[in-house]
Amino acid sequence: MNKIPMTTDGYNRLREELKQLKTVERPAIIRAIAEARAHGDLAENAEYHAARERQSFIEGRLMELEDKVARAEVIDVSKLSGSVIKFGARVTLAEEESEEEQTFQIVGEDEADISRGRLSVTSPLARALIGKGKGDSVEVATPRGAKSYEVVTVDFG
């Protein structure tokens, strides 16, 4: 059983979603199905079929979340330190051509949100960065061709 690395924030968000689905969404869809069933002929009852489809989605998501929570390896980023890039690091990179700087935090797959600077540990860029330090250069294949970056800072704060 593979462990899934995630930050404390990511773990808490998964647990909140799981709680919401179990305590709010699931009971609401059960009520909606019962109400739609009361309307009679199920073969032509669009409300019933929509509610059953929603129930199927909710149950699938519940199973997925329960699995991820069970396999979670929660890493407290506040206790990490060092000068080498690893999970949880906040990294500032300078694109070598344009010298444009970007800052990313390396997080678990479920937490990744590039618009918020949260880079999945499984992404090609993060994989290239792991083990590097300040001043190192990395080259990453992108859809627009190879890009080179220089590591400007590595922080765990």
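Residues in segment 2-59 that are surrounded by 15 or more Cβ atoms within 10 Å (Cβ to Cβ), closer than 30 Å to Ala72 by Cα and either among the aliphatic types (A, V, I, L, M) or free of Cβ contacts under 8 Å to residues at least 12 places away in the same chain (or both): 7 in all. In segment 97-116, the residues that are over 19 Å from Tyr149 (Cα atoms) form Cβ pairs under 6 Å with partners that are in a loop (DSSP other than H, G, I, E, B) and at pLDDT below 95, at six or more places apart or across chains, as follows: Glu109/Thr122. For segment 117-157, the set of residues classified as assigned to a helix (DSSP H, G or I) and either more than 19 Å from the chain's Cα centre (by Cα) or surrounded by fewer than 19 Cβ atoms within 10 Å (Cβ to Cβ) (or both) consists of Pro124, Arg127, Ala128, listed by residue number. Scanning segment 40-99 for residues that are polar (S, T, N, Q) and over 26 Å from Val121 (Cβ atoms) yields Asn45, Gln55, Ser56.
The values are calculated or read from the model by the stated rules, or taken from the named source; none is laboratory data. Just so you know, these numbers come straight off a predicted model, no measurement behind them. As a convention, Cβ positions derive from the backbone with ideal geometry for all residues, glycine included, and neighbour counts pool all protein chains shown.
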